[in-house]
Amino acid sequence: MLTLNYSRTSYSRITGLGTVIAALTFSHSTLEAQTVSGTIDASITLEDACSVNGEEGAAVDFGSLAFGTHSALFDQADAQVAGGGGITVLCSPGVTPTFTLLSGLHDNQASPATHAMQDTAATAFVGYTLYTDTARTEALAVNDTIILSAFASTPQTIDLYGRAFGDPGNLPAGTYEDTLNVELSW
């Protein structure tokens, strides 16, 4: 027959080891079950803005006024700014922008026009004027403004029409150019 003697010291060590294992197991389970919650703040600041022909920034292309090719003996030539589409403006809702024709490089160099295109090879000028109507009866003078409607969500178009005035028999053949300064403010 086999007799086992358990001493009190052995029993305490075994019991103590079991308690430690149980405590570690319990602590591990408790750590996995804990959660921490909180928040993340998000923000953005939007400023009023406008784009011209799809471009934003301090200096954008408002388009061109191309009168085409004509005989040096022409009397009048018509064109529309930005081809046939006009100047497309899109602004943030509630903005009421103002378009201003500031000046050209050669203003008042050829009457009866307001502006003038200079021959790139000589000192000759072809006068032209901008208008706000297709009949070309409502001239847009230097520093004149066009006030657009308050924006909701759709683009608006500024239609500007030009008429160049020839001087048959007095203009040399060549390429004539000018640059108009304009501004959109809001």
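Summary table
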read-out: Extreme residue, modelled with the highest pLDDT, among residues of segment 17-38 that are in a helix (DSSP H, G or I) and open to solvent by 100 Å² or more (accessible area, probe 1.4 Å); value: 32
read-out: Search result, residues across segment 51-73 that are small (Gly, Ala, Ser) and either more than 14 Å from residue 90 (Cα to Cα) or open to solvent by 80 Å² or more (accessible area, probe 1.4 Å) (or both); value: 58, 59, 63, 64, 66, 68, 71, 72
read-out: Selection status of residue 110, assigned to a strand (DSSP E or B) and over 30 Å from residue 46 (Cα atoms); value: no
read-out: Residue 41 vs. criteria open to solvent by 70 Å² or more (accessible area, probe 1.4 Å) and either at pLDDT below 95 or hydroxyl-bearing (Ser, Thr, Tyr) (or both); value: no
read-out: Cβ-Cβ under 7 Å pairs, at least 6 apart or on other chains, segment 74-89 side within 22 Å of residue 50 (Cβ to Cβ), far side hydroxyl-bearing (Ser, Thr, Tyr); value: 80/161; 82/64; 86/157; 87/157; 88/157
read-out: Subset of segment 74-99 [in a loop (DSSP other than H, G, I, E, B), under 21 Å from residue 148 (Cβ atoms) and open to solvent by 40 Å² or more (accessible area, probe 1.4 Å)]; value: 83, 84, 85, 93, 94, 96
read-out: Qualifying position, being polar (S, T, N, Q) and under 14 Å from residue 183 (Cα atoms), among 145, 114, 120, 132; value: 145
read-out: Test: residue in segment 151-169 that is modelled with pLDDT of 95 or more, open to solvent by less than 50 Å² (accessible area, probe 1.4 Å) and of a type in the set (Ser, Thr, Tyr); value: yes
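The values are calculated or read from the model by the stated rules, or taken from the named source; none is laboratory data. Keep in mind it's a predicted model, so treat the numbers as computed, not measured. Virtual Cβ from ideal backbone geometry, glycine too; neighbours counted across all protein chains shown. The area values use the complete protein model at the heavy-atom level, side chains included, leaving out ligands, DNA and RNA. Shrake-Rupley method; radii C 1.70, N 1.55, O 1.52, S 1.80 Å.
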